[in-house]
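Peer 1: There's a structure below that I have some questions on.
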Amino acid sequence: MASGLPRIVYTGTTMVTIPKIPGNTQISLCARQFVHHLTVERSLSVNTLAAYSRDLGKYLDHLSQRGINTMGAITREDVASFAEYLVGLSTSSVARSIISVRAFHRFAFEEGMTTQDPAADIQPPKIPERLPHTLTVEEVGALIDSAGRGEGIIGLRDRALLEVLYGTGARISEAVGLTMDDIDLESRTIRLYGKGRKERILPLGTYAADAISAYAVRSRPELARRGSGCSELFLNQRGRPLSRQSAWGIIQAATSAAKLTTHVSPHSLRHSFATHLLEGGADVRVVQEMLGHSSVTTTQIYTHVSRETVREVYAGAHPRARS
């Protein structure tokens, strides 16, 4: 049996605490082996592992309160009662918890830890489809220009960060985890490490490449001198790796400076990257590859964002659409 995971794991520049699954019952031992399986064989991100561990911790606590301490004693009613216990949480939280429990029981059954799968027909609630918020091309331009108007070396860094986020569709964790070796300005490519440390290499557009070049030559050396030396591309004012929280702050400051009234997050730039590519005629499977999605189904949500564009093209092109 696996002994569990360390409580604190560093991913890039972010410290993630993975809750330890307590107890010495057969169920808790199986749960720790399941998390170990997710870590070693599935190579899930530490954030995902932390979510699985939290969900399983709640589930095991619920079973303990019902006096259950062996896998074979768990019934469908026990799993269903846990789903009822979660009522009051957001739909997405309930769905994630049920998915975690279902995956755990499926693993235990397939590994021969139990002869039944009591969660097999317990379905998570359906999460209402929410279209991602997308900025217009003009709003993105205003946002990046506002970030670049900052003082001196910090303005160069902030502009480079936003150009990378919008120019590559990188997740914020991927962007702040970039090292100098991940950038090739000669071939204009960038290497990103996504969920499960899956690597993908993307082209760098002219704007992003120029912004990185300006930052790397005129700004980063000065920031690096303030620290003890590190390989990360984006550094804070003390010469240390830029954190995800600081990157969020940079985007919020740029949003305010650009006088944008809409909420903007790092994911807004990722959403905008995908939507603008699709609106420009890019194939959805190419966009899937660039975003690092494991399934094209995840990418296809962005095709719905362009419905208004479809209507406009239809209205202007079809002879029977004109009023």
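Peer 1: Tell me which of Ile99, Ala51, Thr25 sits at the most positive position along the dipole axis of segment 8-110, charges placed on C-beta atoms (Lys, Arg +1; Asp, Glu -1).
Peer 2: So the residue we want is Ala51.
Peer 1: Could you run the Karplus curve 6.51 cos²θ - 1.76 cosθ + 1.60 with θ = phi - 60° over segment 217-230 and give me ³J(HN,Hα) per residue in whole Hz, x for Gly and Pro?
Peer 2: 8, 9, 10, 4, x, 5, 5, 5, 5, 7, x, 9, x, 8
Peer 1: Here's a follow-up. Using modelled amide H (1.01 Å from N, peptide plane; none on Pro or chain starts), what sits under 5 Å from the amide H of Thr189, excluding residues fewer than 5 places away?
Peer 2: Residues meeting the amide H criterion: Asp184, Leu204.
Peer 1: If the chain between Ala253 and Ser295 were fully stretched, how many nm would it gain, using 0.36 nm times the residue separation less the Cα-Cα distance? Can you show the working numbers first?
Peer 2: Details: separation 42, 0.36 × 42 = 15.12 nm, distance 3.39 nm.
Working it through step by step, the gained length comes to 11.7 nm.
Peer 1: Moving on. Whose amide H sits under 5 Å from the amide H of Thr179, counting only residues 5 or more places off or on another chain, with H placed in the peptide plane?
Peer 2: Amide H neighbours of Thr179, under 5 Å, 5+ apart: Leu233.
Peer 1: When the chain is fully extended, how far beyond the present Cα-Cα distance does His318 get from Asp210, taking 0.36 nm per residue of separation?
Peer 2: 34.7 nm is the gain from fully extending His318 to Asp210.
Peer 1: As an exercise, find the ratio Rg/Rh for the chain from alpha-carbon atoms, using the Kirkwood inverse-distance average for Rh.
Peer 2: Over the Cα atoms of the chain, Rg/Rh equals 1.04.
Peer 1: Tell me the net charge near Glu174. Cut-off is 15 Å between Cβ atoms, Glu174 excluded, with +1 for each Lys or Arg and -1 for each Asp or Glu.
Peer 2: Counting the neighbours of Glu174, the net charge comes to +2.
Peer 1: Where a Cα-Cα gap under 18 Å defines reach, which aspartates and glutamates qualify for Lys195, not counting those fewer than 8 residues away within the same chain?
Peer 2: Within the straight-line limit of under 18 Å, Lys195 reaches these aspartates and glutamates: Glu41, Glu174, Asp182, Glu289.
Peer 1: So how far apart, in nm, are the two label points at Arg191 and Leu89 if each is 7 Å from Cα heading toward Cβ?
Peer 2: Result for the modelled spin labels: 3.8 nm.
Peer 1: Using θ = phi - 60° and the Karplus form 6.51 cos²θ - 1.76 cosθ + 1.60, what ³J(HN,Hα) does each residue of segment 180-195 get, whole Hz, x for Gly and Pro?
Peer 2: 4, 6, 7, 10, 10, 6, 5, 8, 6, 10, 9, 10, 10, 10, x, 5
Peer 1: At 4 °C and 1.567 mPa s, what whole-number value in µm²/s does Stokes-Einstein give for the translational diffusion of segment 196-290, with Rh from the Kirkwood sum over Cα pairs?
Peer 2: D = 82 µm²/s.
Here, each number is a calculation from the coordinates, and none is a lab measurement. What you are looking at is a predicted structure, and each value in this text was computed from that prediction instead of being measured. Quick reminder, even Gly has a Cβ in these numbers, built from the backbone with ideal geometry, and neighbours come from all protein chains shown.
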